[in-house]
Amino acid sequence: MREEIIVSGRMNHLIDPYLQIWHWPIPFYLFVGGLAAGILFFAALMTIRGKEEQYTAATRYAPFIVPFLLVLGLGALFIDLNHKPYFWRLYTTLRLESPMSWGAWTLMVVTPLSIIWCAINIRYIFPKWQWPYEWLKNLDAFFVKHKMTIAWVMIISSTILGIYTGILFSAFNARPLWNTSILGPLFLASGLSAGAAVIAFMGKTHLEKTTFAKIDLLIIGIELFLIIHLFMGFLASSQVQIEAASLFLGGEYTAPFWIFVVFLGMVVPAILDFLELRGYPIPTVLPMILVLFGSITFRFIIAFAGQASRYLY
Amino acid sequence: MRYAMAIDTKKCVGCSDCVVACQTENNVPIGYCRDWVVEVTDGTYPQLELEIRSERCNHCSNAPCVRCCPTGASHYAEGGIVLVTANKCIGCGACIASCPYDARFPHPDGHVDKCTYCNHRLLEGLKPACVSVCPTKCMYFGDLDDPNSEVSRIIKKRKWKTLIPEAGTSPELYFLI
Ligand code: SF4
Ligand code: SF4
């Protein structure tokens, strides 16, 4: 029996008895970041493949949500900071060792990019749209001309953004649950799946709806594979990681994780996507709501469970 | 120069004088502490073993808190001391989450706070407050690069351990066992 008592009564606020430094803003920020990354990724992908006309929801309509998502995300990040007047310090330094730093910079690249993307596609939403000044018209013409280049920058930066939403956690080896490189690809997949579900819902044609239902199905499969991998890795690792995994295998996060994230957020939408592809009339709003719900719950659970997992010495 | 501290777990009686001295010296906000005392009981009754440790930031030489800080507020100062520059810190909490020892806390003013090895006293040639008040003289502080310093000599002579070395932080706080 080993017992550890802190005699001097260390009770530092938000640190003891267990870490609670990150509340809802961080998982929310990572969720909207992931969703934005997913939508932009497919917008760029379909443009690069020259399929703009077939996949209008992916390339033209869904990206209009992205700037709002990113602004909400940056707002949440700001709310999370304890020393708000010094917020600008984040943008006077670039530290590649710090995911918080390069992630914030990635957002700074992706946000204007998404606004430019909306600007060059606004003519499809308002066919009579005219830019007011000559210089704006020239700028618009310039961006339209370089649409392909923008799409390439966007596909790369949105992938980085998607991976970052997982790496922010996995870079912390102090929290055994987070300290796994699988979180990067897993959160990227979760963001892509959320993006695909939104596009499938917004899709105007049968082709677009079914293509994105297929894509979503494929990504959910990858996610489930990565989750199995995650737990295999934990269980074959050191004692602290075995204990971290036990939070989900009998511990307090077992029910929320397996029921909300895996079953409702992945398995059920996968079945719905499958039925839809088989020709059953499934409203695409259903898988979308479930995937988004699963994706946001996943990030909340990982954020909170990770803070509860620690080294004992 | 490489500052380090060695704490004798066989001499420490867990009086918490070091905790109070630090709170007074560094004006630590009420309800918080930069150092604390841990009592560990091991074994099954009646074969019990007791270890008392006065703990604080380990001033790790491979510090994850410095690595993950987005602004450079957390940094290495002279002698490897890990410090936080308050007016560079945005209070993002990344360093708090990255420390396996939970040695940092959010100061009510917004920035992050932690043990400084009493850097301001070192500059005046004094020892850290905790070291200078300890009634059992169980703490040794000095420069590890100097083979004749108190801390170098005691580490050479005695058996010691560091905390969670497997976390890869290379801690510079030695516990004599
Ligand atoms: S003990 Fe924690 S706060 Fe101190 S240097 Fe190491 S990681 Fe940083
Ligand atoms: S809370 Fe302050 S010191 Fe800590 S990582 Fe963020 S900016 Fe750096």
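At-a-glance table
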{"item": "Residues (under 15 Å from A:F28 (Cα atoms), of a type outside the set (V, I, T) and within 14 Å of another protein chain (Cβ to nearest Cβ)) located in the range A:74-99", "result": "A:L74, A:A76, A:L77, A:F78, A:D80, A:L81"}
{"item": "Test set (1) more than 10 Å from ligand 2 (Cβ to nearest atom); (2) within 14 Å of another protein chain (Cβ to nearest Cβ) - B:M139 fails condition number", "result": "(2)"}
{"item": "Selected residue [away from chain A (no Cβ under 14 Å), at positive phi and not charged (D, E, K, R)] from B:G168, B:G125", "result": "B:G125"}
{"item": "Evaluation of B:T44 against (1) over 12 Å from the mean Cα position of the chain (by Cα); (2) touching a residue at least 12 places away in the same chain (Cβ under 8 Å) (one fails), failing number", "result": "(2)"}
{"item": "Residue among A:I39, A:I5, A:I15 that is at pLDDT 95 or above and either of a type in the set (V, I, T) or assigned to a loop (DSSP other than H, G, I, E, B) (or both)", "result": "A:I39"}
{"item": "Tally, over the range A:159-170, of residues that are crowded, with 24+ Cβ neighbours inside 10 Å, within 12 Å of another protein chain (Cβ to nearest Cβ) and either assigned to a loop (DSSP other than H, G, I, E, B) or of a type in the set (G, A, S) (or both)", "result": "0"}
{"item": "Condition check for A:L77: within 22 Å of A:Q20 (Cβ to Cβ) and free of Cβ contacts under 8 Å to residues at least 40 places away in the same chain", "result": "no"}
{"item": "Residue that is farthest from B:P100 (Cα to Cα) [pool: residues in the range B:144-177 that are touching a Gly at 6+ places or on another chain (Cβ under 7 Å) and in contact (Cβ under 8 Å) with a residue 24 or more places away in the chain]", "result": "B:V151"}
{"item": "Residues that are without any contact (Cβ under 8 Å) to a residue 60 or more places away in the chain and either among the aromatic types (F, W, Y) or away from ligand 2 (no atom under 13 Å from the Cβ) (or both), drawn from the range B:76-123", "result": "B:Y76, B:A77, B:D102, B:N119, B:H120, B:L123"}
{"item": "Test set (1) crowded, with 22+ Cβ neighbours inside 10 Å; (2) facing chain A (nearest Cβ under 10 Å) - B:V38 fails condition number", "result": "(1)"}
{"item": "Some residue of the range A:249-263 being away from ligand 1 (no atom under 16 Å from the Cβ), of a type in the set (S, T, N, Q) and either modelled with pLDDT of 95 or more or in a helix (DSSP H, G or I) (or both)", "result": "yes"}
{"item": "Qualifying position, being more than 14 Å from chain B (Cβ to nearest Cβ), under 19 Å from the mean Cα position of the chain (by Cα) and under 15 Å from A:I150 (Cα atoms), among A:P63, A:P67", "result": "A:P63"}
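The values are calculated or read from the model by the stated rules, or taken from the named source; none is laboratory data. From a predicted model like this one, the values you see are computed outputs, not experimental measurements. Glycine also receives a Cβ, built like all others from the backbone with ideal geometry; neighbour counts cover every protein chain displayed.
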